[in-house]
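Student: After the structure tokens below, expect a handful of questions from me.
The values are calculated or read from the model by the stated rules, or taken from the named source; none is laboratory data. Given the structure is predicted, the values throughout are model-derived calculations rather than measurements. Neighbour counts are summed over all protein chains in view; Cβ atoms, including those assigned to glycine, are modelled from backbone coordinates with ideal geometry. All accessible areas refer to the heavy atoms of the entire protein, side chains included, with ligands and DNA or RNA removed. Shrake-Rupley method; radii C 1.70, N 1.55, O 1.52, S 1.80 Å.
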Amino acid sequence: MSELKELVEKFIEIDDDLNEKIENALDKNDELDESFEEDNKEQLEELGEIYHEIEHQVFHEEFIVVLNAKSEDKEIVALIISEEDDEKEEFVIPVYTDEAEADEAIEVFKEQFGENEFICDKQIGNEIISDYAEDEGFVGLAINAPQWDFVIGGEDVHDCCE
């Protein structure tokens with residue numbers, strides 16, 4: 001398993017645990033207790049550290065991307081995340097850490113967009129980000145979507161230190 005995949009799984013695990021704690025706290029009160037942040041300081045700090053490491057990993061990671069083979073330019077598949085009535089259409093680019101994840105996604109895409117044909121290609125995270133950085137609707141990368149619910153913002157991906 002790739003280091004990035006392990007980091008994302010750890011992030012999701014901690015995030016889910018914190019969300020459960022928040023839900024439980026809100027069941028008791030309408031607002032979070034002032035001590036919530038202090039009581040969960042270690043988990044919150046670990047979550048921030050893991051996210052920062054993910055930002056660096058995504059910058060350098062070689063991902064599998066899915067392309068629509070029937071389009072003239074073999075367009076990369078994008079997932080629309082905005083509502084129909086939103087003024088601006090926002091989207092994420094799904095990227096995959098391994099071929100099995102990409103194959104699972106292609107099966108879902110085939111069910112949703114039956115007439116399309118899909119192929120895979122490989123690209124580096126920072127190259128994908130730079131290709132879409134000028135597009136106002138671009139939100140970021142969805143890692144192993146739709147299997148995971150994890151999106152990293154395009155503006156977050158960087159390489160500030162090693």
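Student: Here is a list of conditions, (1) of a type outside the set (G, A, S); (2) touching a Phe, Trp or Tyr at 6+ places or on another chain (Cβ under 8 Å); (3) at pLDDT 95 or above; (4) within 20 Å of P146 (Cβ to Cβ), and N68 meets all of them except one; can you say which number that is?
Tutor: Among (1) of a type outside the set (G, A, S); (2) touching a Phe, Trp or Tyr at 6+ places or on another chain (Cβ under 8 Å); (3) at pLDDT 95 or above; (4) within 20 Å of P146 (Cβ to Cβ), N68 violates only (3).
Student: Open to solvent by 20 Å² or more (accessible area, probe 1.4 Å), modelled with pLDDT of 90 or more, out of contact with any Ser or Thr (no Cβ under 8 Å at 6 or more places or on another chain) and not hydrophobic (A, V, I, L, M, F, W, C): which single residue out of Q123, Q112 fits that description?
Tutor: One residue alone meets the criteria, Q123.
Student: Are there any pairs, at least 6 apart or on different chains, whose C-beta atoms fall under 6 Å, with the first in region 42-55 and closer than 23 Å to A142 by Cβ and the second assigned to a helix (DSSP H, G or I), and if so, which?
Tutor: As it stands, the answer is L47/I14; I50/L7; I50/K10; I50/F11; E53/L7; I54/L7, since those pairs meet every condition given.
Conditions tested, residue by residue: (1) within 24 Å of Q112 (Cβ to Cβ); (2) touching a residue at least 60 places away in the same chain (Cβ under 8 Å).
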position: Q123; (1), (2): yes, yes
position: D131; (1), (2): yes, no
position: L141; (1), (2): yes, yes
position: G153; (1), (2): no, no
position: D159; (1), (2): no, yes
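Student: Those residues that are assigned to a strand (DSSP E or B) and open to solvent by less than 60 Å² (accessible area, probe 1.4 Å), I need them from region 126-162; list them, please. Can you show your working first?
Tutor: Restricting attention to region 126-162, the residues satisfying the condition of being assigned to a strand (DSSP E or B) are 138-143, 151-153.
Of everything in region 126-162, those that are assigned to a strand (DSSP E or B) and open to solvent by less than 60 Å² (accessible area, probe 1.4 Å) turn out to be F138, V139, G140, L141, A142, I143, I152, G153.
Student: Related question: Pick from region 22-79 the residues that are part of a strand (DSSP E or B) and touching a Cys at 6+ places or on another chain (Cβ under 8 Å): which of them is surrounded by the most Cβ atoms within 10 Å (Cβ to Cβ)?
Tutor: This residue is V66.
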